[in-house]
Amino acid sequence: MKFKILALVLVSLLTFGCGSGGGDKKENVVYVYSWGDYLDPETLKIFEKETGIHVILDEFDTNESMYPRVAEGAVHYDVLCPSDYMIQRLISNDLIQPLDFNKLPNAKQNIGAEFFKQSETFDPGNKYSVPYCWGTVGIIYDKTKVTDPVDSWNILWNEKYAGQILMQDSARDALMIPLKLMGKSMNETDKNVLAQAQEMLIKQKPLVQAYVVDEVKEKLINSEAAMGVVFSGEALIILEENPNMAFAIPKEGTNFWIDGWVITKDAENVDNAHKFIDFMCRPDIAVKNFDYLGYSTPNIAVKELEENEAYKNSPVAFPSPDVYAGQETYKYLGNEMDEYYNSLWMKIKVE
(Lines give C-alpha, C1' and ligand atoms only; values in the text may rest on other atoms or scores of the structure.)
Protein backbone atom coordinates (compact mmCIF):
# COMPACT_ATOMS: atom_id res chain seq x y z
CA MET A 1 0.00 0.00 0.00
CA LYS A 2 2.78 1.27 0.00
CA PHE A 3 3.54 4.98 -1.12
CA LYS A 4 -0.14 5.83 -1.44
CA ILE A 5 -1.37 9.34 -0.68
CA LEU A 6 -4.58 9.25 1.29
CA ALA A 7 -6.28 12.00 3.26
CA LEU A 8 -4.81 12.14 6.77
CA VAL A 9 -7.36 11.12 9.32
CA LEU A 10 -7.17 11.04 13.08
CA VAL A 11 -9.93 8.96 14.62
CA SER A 12 -10.77 8.08 18.18
CA LEU A 13 -13.38 5.35 18.45
CA LEU A 14 -16.16 5.52 21.00
CA THR A 15 -15.61 3.67 24.22
CA PHE A 16 -17.53 0.44 24.68
CA GLY A 17 -17.74 0.32 28.48
CA CYS A 18 -14.00 0.82 29.07
CA GLY A 19 -13.43 4.39 30.20
CA SER A 20 -12.68 7.59 28.33
CA GLY A 21 -9.63 6.39 26.39
CA GLY A 22 -7.19 9.03 27.63
CA GLY A 23 -3.42 8.63 27.76
CA ASP A 24 -3.34 6.92 31.18
CA LYS A 25 -1.66 3.56 30.73
CA LYS A 26 -3.66 2.19 33.68
CA GLU A 27 -6.76 2.21 31.53
CA ASN A 28 -7.58 -0.95 29.59
CA VAL A 29 -6.67 0.42 26.16
CA VAL A 30 -4.56 -0.24 23.08
CA TYR A 31 -3.27 2.57 20.87
CA VAL A 32 -3.20 1.57 17.19
CA TYR A 33 -1.62 3.56 14.34
CA SER A 34 -2.57 2.22 10.91
CA TRP A 35 -3.24 3.17 7.29
CA GLY A 36 -6.42 5.15 6.67
CA ASP A 37 -9.55 3.02 6.31
CA TYR A 38 -7.52 -0.19 6.71
CA LEU A 39 -9.72 -1.94 9.28
CA ASP A 40 -13.39 -2.82 9.16
CA PRO A 41 -14.87 -0.71 12.01
CA GLU A 42 -17.09 -3.65 12.93
CA THR A 43 -14.02 -5.74 13.84
CA LEU A 44 -12.91 -3.10 16.32
CA LYS A 45 -16.33 -3.14 17.98
CA ILE A 46 -16.16 -6.92 18.26
CA PHE A 47 -12.67 -6.75 19.77
CA GLU A 48 -13.78 -4.21 22.38
CA LYS A 49 -16.89 -6.20 23.27
CA GLU A 50 -15.02 -9.50 23.62
CA THR A 51 -11.96 -8.23 25.45
CA GLY A 52 -13.06 -5.08 27.26
CA ILE A 53 -10.03 -3.35 25.73
CA HIS A 54 -10.75 0.08 24.29
CA VAL A 55 -9.16 0.73 20.88
CA ILE A 56 -7.86 4.22 20.17
CA LEU A 57 -7.07 4.40 16.45
CA ASP A 58 -5.01 7.00 14.62
CA GLU A 59 -4.56 6.73 10.86
CA PHE A 60 -1.68 7.77 8.60
CA ASP A 61 -1.50 8.51 4.89
CA THR A 62 2.02 7.31 4.08
CA ASN A 63 4.80 5.35 5.74
CA GLU A 64 6.88 8.51 5.62
CA SER A 65 4.33 10.56 7.57
CA MET A 66 3.97 7.78 10.14
CA TYR A 67 7.68 7.35 10.86
CA PRO A 68 8.54 10.72 12.48
CA ARG A 69 5.55 10.56 14.83
CA VAL A 70 6.78 7.20 16.07
CA ALA A 71 10.46 8.21 16.13
CA GLU A 72 9.78 11.42 18.05
CA GLY A 73 7.64 9.57 20.60
CA ALA A 74 5.14 12.42 20.87
CA VAL A 75 2.38 9.80 21.03
CA HIS A 76 3.05 6.42 22.60
CA TYR A 77 1.41 4.03 20.17
CA ASP A 78 1.27 0.32 20.97
CA VAL A 79 0.58 -1.23 17.56
CA LEU A 80 1.60 -0.06 14.09
CA CYS A 81 0.84 -1.37 10.60
CA PRO A 82 3.75 -0.24 8.38
CA SER A 83 4.89 -1.59 5.03
CA ASP A 84 7.81 -3.97 4.51
CA TYR A 85 10.65 -1.50 3.93
CA MET A 86 9.43 0.71 6.80
CA ILE A 87 9.35 -2.26 9.15
CA GLN A 88 13.01 -2.77 8.22
CA ARG A 89 13.72 0.89 9.00
CA LEU A 90 11.93 0.65 12.36
CA ILE A 91 13.97 -2.43 13.26
CA SER A 92 17.21 -0.73 12.20
CA ASN A 93 16.47 2.25 14.43
CA ASP A 94 15.36 0.17 17.43
CA LEU A 95 11.82 1.57 17.40
CA ILE A 96 9.89 -1.72 17.62
CA GLN A 97 10.21 -4.73 19.89
CA PRO A 98 10.32 -8.48 19.26
CA LEU A 99 6.94 -10.19 19.39
CA ASP A 100 6.05 -12.97 21.81
CA PHE A 101 4.59 -15.57 19.44
CA ASN A 102 3.41 -17.63 22.40
CA LYS A 103 0.79 -14.90 22.74
CA LEU A 104 -0.08 -15.07 19.02
CA PRO A 105 -1.58 -18.54 18.45
CA ASN A 106 -3.83 -17.33 15.61
CA ALA A 107 -0.85 -15.82 13.83
CA LYS A 108 1.14 -19.04 14.09
CA GLN A 109 -1.79 -21.15 12.90
CA ASN A 110 -3.38 -19.00 10.18
CA ILE A 111 -0.69 -16.90 8.49
CA GLY A 112 0.75 -18.80 5.53
CA ALA A 113 4.35 -19.95 5.76
CA GLU A 114 5.17 -18.42 2.37
CA PHE A 115 4.28 -14.97 3.71
CA PHE A 116 6.49 -15.35 6.74
CA LYS A 117 9.23 -16.49 4.36
CA GLN A 118 8.80 -13.38 2.21
CA SER A 119 8.78 -11.21 5.34
CA GLU A 120 12.26 -12.44 6.19
CA THR A 121 13.59 -10.16 3.44
CA PHE A 122 12.84 -7.19 5.72
CA ASP A 123 12.37 -8.92 9.11
CA PRO A 124 15.06 -11.63 9.39
CA GLY A 125 13.87 -14.46 11.58
CA ASN A 126 10.31 -13.06 11.66
CA LYS A 127 10.97 -11.59 15.08
CA TYR A 128 9.16 -8.27 14.80
CA SER A 129 6.14 -8.49 12.49
CA VAL A 130 3.04 -10.43 11.51
CA PRO A 131 1.79 -10.04 7.89
CA TYR A 132 -1.62 -8.38 7.61
CA CYS A 133 -2.18 -7.53 3.93
CA TRP A 134 -0.20 -8.16 0.80
CA GLY A 135 -0.37 -7.56 -2.90
CA THR A 136 1.42 -6.98 -6.16
CA VAL A 137 1.63 -4.15 -8.67
CA GLY A 138 0.51 -4.76 -12.23
CA ILE A 139 -1.24 -3.31 -15.27
CA ILE A 140 -5.00 -3.13 -15.48
CA TYR A 141 -6.30 -2.51 -18.98
CA ASP A 142 -9.50 -2.06 -20.95
CA LYS A 143 -9.95 -5.05 -23.28
CA THR A 144 -12.06 -2.93 -25.65
CA LYS A 145 -9.24 -0.40 -26.10
CA VAL A 146 -6.03 -2.40 -25.82
CA THR A 147 -5.40 -4.72 -28.76
CA ASP A 148 -1.82 -5.71 -27.97
CA PRO A 149 -0.74 -8.44 -25.53
CA VAL A 150 -0.33 -7.09 -22.01
CA ASP A 151 2.48 -9.26 -20.71
CA SER A 152 5.32 -6.76 -20.40
CA TRP A 153 5.92 -3.33 -18.85
CA ASN A 154 6.98 -2.31 -22.37
CA ILE A 155 3.38 -1.63 -23.34
CA LEU A 156 3.51 1.50 -21.20
CA TRP A 157 5.85 2.95 -23.85
CA ASN A 158 3.60 2.05 -26.80
CA GLU A 159 2.76 5.27 -28.67
CA LYS A 160 -0.52 3.75 -29.83
CA TYR A 161 -1.88 4.45 -26.33
CA ALA A 162 -0.63 8.02 -25.97
CA GLY A 163 -2.79 9.96 -23.55
CA GLN A 164 -4.42 6.73 -22.33
CA ILE A 165 -1.82 5.58 -19.79
CA LEU A 166 -2.05 6.15 -16.02
CA MET A 167 1.10 5.87 -13.91
CA GLN A 168 1.56 5.75 -10.14
CA ASP A 169 2.58 9.07 -8.57
CA SER A 170 5.30 7.41 -6.49
CA ALA A 171 9.07 7.44 -6.84
CA ARG A 172 9.71 3.82 -5.96
CA ASP A 173 6.68 2.40 -7.79
CA ALA A 174 7.39 4.41 -10.95
CA LEU A 175 11.14 3.74 -11.10
CA MET A 176 10.55 0.06 -10.36
CA ILE A 177 9.08 -0.36 -13.85
CA PRO A 178 12.06 0.70 -16.00
CA LEU A 179 14.40 -1.01 -13.53
CA LYS A 180 12.56 -4.29 -14.08
CA LEU A 181 12.64 -3.75 -17.85
CA MET A 182 16.41 -3.34 -17.56
CA GLY A 183 16.67 -6.59 -15.60
CA LYS A 184 17.70 -4.71 -12.46
CA SER A 185 16.52 -4.87 -8.86
CA MET A 186 13.80 -2.48 -7.75
CA ASN A 187 16.09 -1.84 -4.77
CA GLU A 188 18.83 -0.57 -7.10
CA THR A 189 21.36 1.86 -5.59
CA ASP A 190 23.71 2.37 -8.55
CA LYS A 191 23.13 6.00 -9.53
CA ASN A 192 24.13 5.41 -13.15
CA VAL A 193 21.49 2.70 -13.48
CA LEU A 194 18.91 4.89 -11.74
CA ALA A 195 19.71 7.74 -14.15
CA GLN A 196 18.94 5.40 -17.05
CA ALA A 197 15.63 4.44 -15.44
CA GLN A 198 14.82 8.11 -14.97
CA GLU A 199 15.54 8.83 -18.63
CA MET A 200 13.16 6.05 -19.68
CA LEU A 201 10.36 7.63 -17.64
CA ILE A 202 11.11 11.07 -19.07
CA LYS A 203 10.78 9.64 -22.59
CA GLN A 204 7.51 7.97 -21.60
CA LYS A 205 6.01 11.14 -20.11
CA PRO A 206 4.37 12.47 -23.35
CA LEU A 207 2.32 9.25 -23.47
CA VAL A 208 1.05 9.55 -19.89
CA GLN A 209 -2.41 10.93 -19.24
CA ALA A 210 -1.74 11.46 -15.52
CA TYR A 211 0.33 10.42 -12.53
CA VAL A 212 -2.25 9.28 -10.00
CA VAL A 213 -2.85 7.51 -6.72
CA ASP A 214 -6.42 6.97 -5.53
CA GLU A 215 -7.87 8.60 -8.67
CA VAL A 216 -6.78 5.58 -10.70
CA LYS A 217 -9.79 3.55 -9.57
CA GLU A 218 -12.41 6.07 -10.64
CA LYS A 219 -10.71 6.80 -13.95
CA LEU A 220 -10.49 3.13 -14.94
CA ILE A 221 -13.93 2.21 -13.64
CA ASN A 222 -15.30 5.01 -15.85
CA SER A 223 -13.14 3.93 -18.83
CA GLU A 224 -11.31 7.26 -18.90
CA ALA A 225 -8.02 5.54 -19.81
CA ALA A 226 -6.90 2.44 -21.65
CA MET A 227 -4.57 1.16 -18.95
CA GLY A 228 -3.02 1.98 -15.61
CA VAL A 229 -0.43 0.79 -13.11
CA VAL A 230 -2.32 -0.31 -10.00
CA PHE A 231 -2.02 -2.31 -6.81
CA SER A 232 -3.76 -5.67 -6.95
CA GLY A 233 -6.27 -4.64 -4.28
CA GLU A 234 -7.35 -1.70 -6.42
CA ALA A 235 -7.53 -4.03 -9.42
CA LEU A 236 -10.02 -6.27 -7.60
CA ILE A 237 -12.37 -3.32 -7.07
CA ILE A 238 -11.97 -2.07 -10.65
CA LEU A 239 -12.61 -5.52 -12.12
CA GLU A 240 -15.78 -5.85 -10.06
CA GLU A 241 -17.09 -2.48 -11.27
CA ASN A 242 -16.00 -2.62 -14.93
CA PRO A 243 -16.26 -5.99 -16.72
CA ASN A 244 -14.21 -4.68 -19.67
CA MET A 245 -11.08 -4.63 -17.53
CA ALA A 246 -8.37 -7.27 -17.10
CA PHE A 247 -5.29 -7.40 -14.85
CA ALA A 248 -1.80 -8.65 -15.70
CA ILE A 249 1.51 -9.08 -13.89
CA PRO A 250 4.31 -8.31 -16.39
CA LYS A 251 6.81 -11.05 -17.11
CA GLU A 252 9.78 -8.92 -16.05
CA GLY A 253 8.60 -9.05 -12.44
CA THR A 254 7.01 -6.67 -9.96
CA ASN A 255 6.74 -5.62 -6.34
CA PHE A 256 5.39 -8.14 -3.82
CA TRP A 257 4.50 -5.87 -0.90
CA ILE A 258 3.49 -6.80 2.63
CA ASP A 259 2.03 -4.63 5.38
CA GLY A 260 2.41 -6.08 8.86
CA TRP A 261 1.57 -5.59 12.50
CA VAL A 262 4.35 -4.57 14.87
CA ILE A 263 4.60 -3.39 18.49
CA THR A 264 6.52 -0.22 19.33
CA LYS A 265 9.59 -0.27 21.55
CA ASP A 266 7.96 2.06 24.10
CA ALA A 267 4.48 0.47 24.02
CA GLU A 268 2.69 0.93 27.34
CA ASN A 269 0.11 -1.80 26.69
CA VAL A 270 2.17 -4.71 25.40
CA ASP A 271 -0.22 -7.49 26.43
CA ASN A 272 -3.16 -5.68 24.88
CA ALA A 273 -1.11 -5.11 21.74
CA HIS A 274 -0.48 -8.85 21.41
CA LYS A 275 -4.19 -9.54 21.97
CA PHE A 276 -5.10 -7.05 19.24
CA ILE A 277 -2.68 -8.51 16.69
CA ASP A 278 -3.77 -12.07 17.43
CA PHE A 279 -7.43 -11.06 17.17
CA MET A 280 -6.76 -9.65 13.69
CA CYS A 281 -5.32 -13.04 12.69
CA ARG A 282 -8.50 -14.89 13.69
CA PRO A 283 -10.14 -16.28 10.52
CA ASP A 284 -13.61 -14.79 11.07
CA ILE A 285 -12.08 -11.36 11.69
CA ALA A 286 -9.61 -11.67 8.82
CA VAL A 287 -12.41 -12.40 6.36
CA LYS A 288 -14.30 -9.29 7.51
CA ASN A 289 -11.25 -7.13 6.92
CA PHE A 290 -10.61 -8.79 3.56
CA ASP A 291 -14.16 -8.08 2.41
CA TYR A 292 -13.88 -4.50 3.63
CA LEU A 293 -10.50 -3.77 2.02
CA GLY A 294 -10.26 -5.93 -1.08
CA TYR A 295 -6.54 -6.46 -0.53
CA SER A 296 -5.19 -10.00 -0.49
CA THR A 297 -4.73 -11.59 2.90
CA PRO A 298 -1.93 -13.88 4.12
CA ASN A 299 -4.50 -15.63 6.31
CA ILE A 300 -4.87 -19.08 4.74
CA ALA A 301 -8.25 -19.72 6.41
CA VAL A 302 -10.01 -16.79 4.71
CA LYS A 303 -10.69 -18.32 1.30
CA GLU A 304 -12.74 -21.15 2.79
CA LEU A 305 -14.83 -18.70 4.79
CA GLU A 306 -15.28 -16.16 1.97
CA GLU A 307 -18.93 -16.00 0.85
CA ASN A 308 -18.51 -13.60 -2.07
CA GLU A 309 -18.00 -16.01 -4.98
CA ALA A 310 -16.49 -13.29 -7.18
CA TYR A 311 -13.79 -12.68 -4.57
CA LYS A 312 -13.37 -16.33 -3.66
CA ASN A 313 -12.71 -17.36 -7.27
CA SER A 314 -10.67 -14.29 -8.18
CA PRO A 315 -7.12 -14.97 -9.39
CA VAL A 316 -6.31 -11.41 -8.30
CA ALA A 317 -7.46 -11.84 -4.70
CA PHE A 318 -6.20 -15.43 -4.41
CA PRO A 319 -3.53 -15.82 -7.09
CA SER A 320 -1.52 -18.93 -7.78
CA PRO A 321 1.77 -18.97 -5.84
CA ASP A 322 3.49 -18.75 -9.23
CA VAL A 323 2.36 -15.11 -9.41
CA TYR A 324 4.33 -13.98 -6.37
CA ALA A 325 7.04 -16.64 -6.08
CA GLY A 326 10.44 -15.04 -6.57
CA GLN A 327 9.12 -11.48 -6.68
CA GLU A 328 10.99 -8.74 -4.84
CA THR A 329 9.89 -6.73 -1.82
CA TYR A 330 10.95 -3.13 -1.33
CA LYS A 331 13.83 -2.62 1.09
CA TYR A 332 14.77 0.42 3.11
CA LEU A 333 17.76 1.92 1.28
CA GLY A 334 18.71 4.59 3.81
CA ASN A 335 17.77 8.27 4.06
CA GLU A 336 20.28 9.42 1.45
CA MET A 337 19.08 6.97 -1.19
CA ASP A 338 15.43 7.67 -0.38
CA GLU A 339 16.09 11.35 -1.01
CA TYR A 340 17.89 10.49 -4.25
CA TYR A 341 14.93 8.45 -5.55
CA ASN A 342 12.60 11.33 -4.68
CA SER A 343 14.84 13.86 -6.45
CA LEU A 344 14.83 11.72 -9.61
CA TRP A 345 11.05 11.47 -9.48
CA MET A 346 10.55 15.21 -8.97
CA LYS A 347 12.71 15.94 -12.01
CA ILE A 348 10.63 13.53 -14.10
CA LYS A 349 7.43 15.32 -13.13
CA VAL A 350 8.74 18.83 -13.87
CA GLU A 351 10.51 18.01 -17.17
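The values are calculated or read from the model by the stated rules, or taken from the named source; none is laboratory data. As the structure is a prediction and not an experimental result, all values here were calculated from the model. Glycine also receives a Cβ, built like all others from the backbone with ideal geometry; neighbour counts cover every protein chain displayed. We work out accessible area using only protein heavy atoms, side chains counted, and drop any ligands, DNA or RNA first. Shrake-Rupley method; radii C 1.70, N 1.55, O 1.52, S 1.80 Å.
What is segment 87-235's relative contact order, in percent, from Cα pairs under 8 angstrom and six or more apart in sequence?
Dividing the mean separation by the residue count of segment 87-235 yields 30 percent.
If you average the alpha carbon positions of segment 163-227 and of segment 274-351, how far apart do those two centres end up, in angstrom?
Each part's Cα centre sits 20 Å from the other's.
In terms of solvent-accessible area of protein heavy atoms at a 1.4 angstrom probe, what is the ranking of MET337, MET167, MET182, highest value first?
So the residues, ranked largest to smallest area, are MET182, MET337, MET167.
I'd like to know which of PRO283, ILE258, PRO319 lies farthest towards the positive end of the charge dipole of segment 252-346, counting +1 on Cβ of Lys and Arg and -1 on Cβ of Asp and Glu.
PRO283
Using only helices, what value at 222 nm comes out for the chain when you add -39,500 (n - 2.57) per DSSP H run of length 4 or more and divide by the total residues, to the nearest 500 deg cm²/dmol?
My calculation for the chain gives -11000 deg cm²/dmol from helical runs alone.
Mind ordering 64-74, 125-135 by average Cβ neighbours within 10 Å, highest first?
Per-residue mean Cβ counts within 10 Å order the peptides as 125-135, 64-74.
Over the chain, what is the relative contact order in percent, taking alpha-carbon pairs closer than 8 angstrom and at least six residues apart?
The value is 26 percent.
Restricting to bridges with both residues inside the chain, how much of the DSSP beta-bridge set is antiparallel, in percent to the nearest 5?
60
Relative contact order of segment 224-312: what whole-number percent is it, with Cα pairs under 8 angstrom and at least 6 residues apart?
About 30 percent, as a whole number.
Charges at C-beta only: +1 for Lys and Arg, -1 for Asp and Glu. How large is the resulting dipole of segment 239-309 about its Cα centre, in Debye rounded to 20?
240
What accessible area per residue comes out for the chain, rounded to a whole number of Å², with a 1.4 Å probe?
Heavy-atom accessible area per residue stands at 41 Å².
Which of the lysines could a cross-linker span from LYS265 if the Cα-Cα distance has to be under 20 Å and same-chain partners fewer than 8 positions apart are dropped?
Here the lysines satisfying the reach criterion relative to LYS265 are LYS25, LYS26, LYS103, LYS127, LYS275.
How large a share of the accessible area of segment 124-177, in percent, is made up of carbon and sulfur atoms when the probe is 1.4 Å and the other protein chains stay in place?
The value for segment 124-177 is 47 percent carbon and sulfur by accessible area.
List the aspartates and glutamates whose Cα lies under 16 Å from the Cα of LYS347, skipping any in the same chain that are fewer than 8 positions away.
In chain and number order, the partners are ASP169, ASP173, GLU199, ASP338, GLU339.
Taking the highest mean first, how do the peptides 79-85, 301-307 order by number of other beta carbon atoms within 10 angstrom per residue?
79-85, 301-307
Order these peptides, 144-155, 260-271, 244-255, by their mean beta-carbon neighbour count within 10 angstrom, highest first.
Answer by packing, highest mean first, reads 260-271, 244-255, 144-155.
Only one of the values (1) 158; (2) 187; (3) 129 was calculated from this structure for volume of the Cα convex hull per residue in Å³; name its label.
It is the value labelled (3).
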